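One structure below.
The values are calculated or read from the model by the stated rules, or taken from the named source; none is laboratory data. Here the structure is a predicted model, which means the values were calculated and not measured. Cβ placement follows ideal geometry from the backbone for every residue including glycine, while neighbour counts extend to all protein chains displayed.
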Amino acid sequence: MKRSFAVAALAVLALAASGLAPAQDKPATKSRNLEIYWIDTEGGAATLIVTPYGESMLIDTGYPNDDRDARRIHAAAQHAGLTRIDHLVISHYHRDHVGGLAALTKLIPIGRYYGPNDKIEMINREWYDSYTTASAGKRTIVKPGDNIPLKGVEVLVVSADEKVLAKPVNRSGPNPLCANAADMSPAGFENSRMVGLLLTYGRFTFLNLLDLDWRTELELVCPVDRVGKVTLYQSSRHGSLDGAGSPALLGAIQPQVVVVNNGPKKGLGQVDKRIQPIVDMARPAPPYEKNSYLRLAGLPGIEGIWQEHLSLLDKDPAHNTSEDMIANLDDTADCKGNWIHASVARDGRFTITNGRNGFSKTYLARK
């Protein structure tokens, strides 16, 4: 008995020390809530969702870097009590979203794959090939309006392959913010063809548009908002809201809570000097806040902003959320890769926890 306890204790300590699981966050017990993990891929993207029925969906797989992100995803899956991932959505064929897939398939079985069509740019051929190889015989190409069959939760595809929802959902309608909205050129093919998702669980709604660009966002919400207000928004383009996060979108969805999946030097805090002059020439009325964090913090009804990383590109405390709500503070070789975790009850009450320090806040989804 003593030997078994010692072995188990050593295993827990090793997992915590490896940075694959936050030491402060206890392993999940069987839950009747919806569980969401934002896994730190340091400027990539990986979001794990587990339903009250134990069915799972992963959105994107992070970078290939030394299998770091695949191992972090696997650790989150283990923490959630999973032995397989039932559904995997790949939003587009960029390295930071598909790069971890090959390594992940060696760590945990994956059931069904969902993603965009086969139109690609040659620069992304390696990542497209990685996806089609892993998904052979188990792949579904999605289009706007499709549902991903996740038991107990509605998962609606709102954008894919440069197209958006044809009809409004979620009590949405005409969007007055479209008048004088600044437009932009597309931010590259992959960022225009994004598989974006709207997840609904009771009163709770979660919008994840990944890297969808400003131009396509406007198509989604102008002149008619097809998405409606949401409870939680995962910031587009890792929180770099030069080429995404248009005021017409953010003002329409009016999230209560935002999770920024940024890296220490990617996403939040970045400034794209190619884009700002375009917006300045458009002279939107009224002018919008150019700092990404302040734009989010100024949204009507915003109740919380959580970050995967302190932005080392712009460390100004006024341009980052409260330190208690930042999962990772440095950029070192031994970064723990702490996740952010949300547990959502059917009545719309949800608690978000910082894996670094155990700090948590509870919110109630608006009706």
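Side notes on the structure shown:
- Test: residue in region 224-243 that is among the small types (Gly, Ala, Ser), over 19 Å from Leu299 (Cβ atoms), over 14 Å from the mean Cα position of the chain (by Cα) and modelled with pLDDT under 95: no
- All conditions but one from (1) at pLDDT 95 or above; (2) over 25 Å from Thr200 (Cα atoms); (3) not aliphatic (A, V, I, L, M) apply to Asp60; the one that does not is (2).
- When the residues of region 104-115 are filtered to those that are touching a strand residue (DSSP E or B) at 6+ places or on another chain (Cβ under 6 Å) and not aliphatic (A, V, I, L, M), the one that is surrounded by the most Cβ atoms within 10 Å (Cβ to Cβ) is Tyr114.
- When region 282-326 is limited to residues that are among the hydrophobic types (A, V, I, L, M, F, W, C) and more than 15 Å from Gln234 (Cα to Cα), the one that is surrounded by the most Cβ atoms within 10 Å (Cβ to Cβ) turns out to be Leu310.
Let's see how each residue does on (1) touching a Cys at 6+ places or on another chain (Cβ under 6 Å); (2) within 24 Å of Arg71 (Cα to Cα); (3) assigned to a loop (DSSP other than H, G, I, E, B); (4) in contact (Cβ under 8 Å) with a residue 24 or more places away in the chain:
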site	(1), (2), (3), (4)
Leu296	no, no, no, yes
Gly301	no, no, yes, yes
Trp306	no, yes, no, yes
Asp314	no, no, yes, yes
Asp324	no, no, no, yes
Ala333	no, yes, yes, no
Asn338	no, yes, yes, yes
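- Residue in region 23-34 that is modelled with pLDDT under 95 and buried (at least 23 other Cβ atoms within 10 Å of the Cβ) present: no
- Of the residues Ala76, Ala70, Ala102, the single one that is among the aliphatic types (A, V, I, L, M), at pLDDT 95 or above and out of contact with any helix residue (DSSP H, G or I) (no Cβ under 8 Å at 6 or more places or on another chain) is Ala76.
- Positions within region 123-146 being closer than 16 Å to Gly111 by Cβ and not in a loop (DSSP other than H, G, I, E, B), in sequence order: Tyr131, Ala134, Arg139, Thr140
- Scanning region 341-356 for residues that are part of a strand (DSSP E or B) and aliphatic (A, V, I, L, M) gives Ala342, Val344, Ile352.
- Identity of the residue in region 128-154, among the hydrophobic types (A, V, I, L, M, F, W, C) and buried (at least 16 other Cβ atoms within 10 Å of the Cβ), that ends up nearest to Ser56 (Cα to Cα): Leu150
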